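The values are calculated or read from the model by the stated rules, or taken from the named source; none is laboratory data. Here the structure is a predicted model, which means the values were calculated and not measured. Positions of Cβ are generated from backbone atoms using ideal geometry, with glycine treated the same way; all protein chains shown enter the neighbour counts.
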Amino acid sequence: MVYVIDTNTGEWKNPCTQEEPPIEWPDEPGENQTPEPCDSFILSLNQNTNFVTYLKSINTQQILTQPFESGYAVSFPNNYQLKQGGYNDPNINWENLNNIGAILHCHYSGLAGIFTVNDIIFMAQIFMGNYAQDSANLFFALTTPTGNPLIMKVKNPAAFRAFAQSIVGDGNGNDDWDKEKIDDFTDDYYDKLRNSNQEINMIAFLNMLKDKNAENAISLYQSDENCTNWNPATLSLFGSLLTDPCQ
């Protein structure tokens, strides 16, 4: 029988009787990822009674099944201007806008359960046209029959400006938007953001940001059914959707 010295104790040990240490398996990709840092502006929306009330008003079954879009152009703290689209027309004519803090709107039954390319383009135009009340915190909120409300918000103003320029141009100070860039962005992503499943749509939206090197430009959030408790939506390392609380 062969004995060996235990280097920790200096004692002779029979290696055949020693227990093997437990194997520590590595985490699966996507497990224990570093949580997204909290955005203080998004956290403040949970306590903003006006915002919660107005967003909930367009998150009812009656509103989400009507054949036209409804929404609000918002200038914080208290200016909520009601806007409505045409019958069976998946658009709202947002005109004469200035000092915009946020756009809230709904997608009715049959429409995409995510922000469309037109929504993203419009947000870029508000930013680049200097129509935002606070460009660092500009956001769009969406209600939809396919799931809980969503927010897309400027994450980093410099990164968002670069992204916006890539899809609409700079406007030349007079809303002279780059039609070729708009058409290219629309052609690339119009069909990808139109699934009836909200989780698939959210993954497609986040992949769009990844494709456009715009992951630092926009943050995506999902609330509970009461339009509060906004959690950041991100992709795991293997591409699945994560909606873990921020820290």
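Worth a mention:
- Some residue of the stretch 94-106 being touching a Lys or Arg at 6+ places or on another chain (Cβ under 8 Å), outside any loop (DSSP other than H, G, I, E, B), free of Cβ contacts under 8 Å to residues at least 60 places away in the same chain and under 26 Å from D187 (Cβ atoms): yes
- Members of the stretch 186-214 found to be over 19 Å from L111 (Cβ atoms) and not small (G, A, S), listed by number: D187, D188, L206, N207, L209, K210, D211, K212, N213
- Residue match in the stretch 169-191 (condition: buried (at least 23 other Cβ atoms within 10 Å of the Cβ), touching a Lys or Arg at 6+ places or on another chain (Cβ under 8 Å) and either touching a residue at least 12 places away in the same chain (Cβ under 8 Å) or of a type in the set (K, R) (or both)): no
- Filter result (surrounded by 19 or more Cβ atoms within 10 Å (Cβ to Cβ) and either not in a loop (DSSP other than H, G, I, E, B) or not small (G, A, S) (or both)) within the stretch 126-136: I126, F127, M128, A132
- When residues of the stretch 90-103 are limited to those that are out of contact with any strand residue (DSSP E or B) (no Cβ under 8 Å at 6 or more places or on another chain) and either among the small types (G, A, S) or surrounded by 12 or more Cβ atoms within 10 Å (Cβ to Cβ) (or both), the one nearest to A124 (Cα to Cα): N98
- Filter result for S70 (modelled with pLDDT of 95 or more, more than 18 Å from W230 (Cα to Cα) and either surrounded by fewer than 14 Cβ atoms within 10 Å (Cβ to Cβ) or small (G, A, S) (or both)): no
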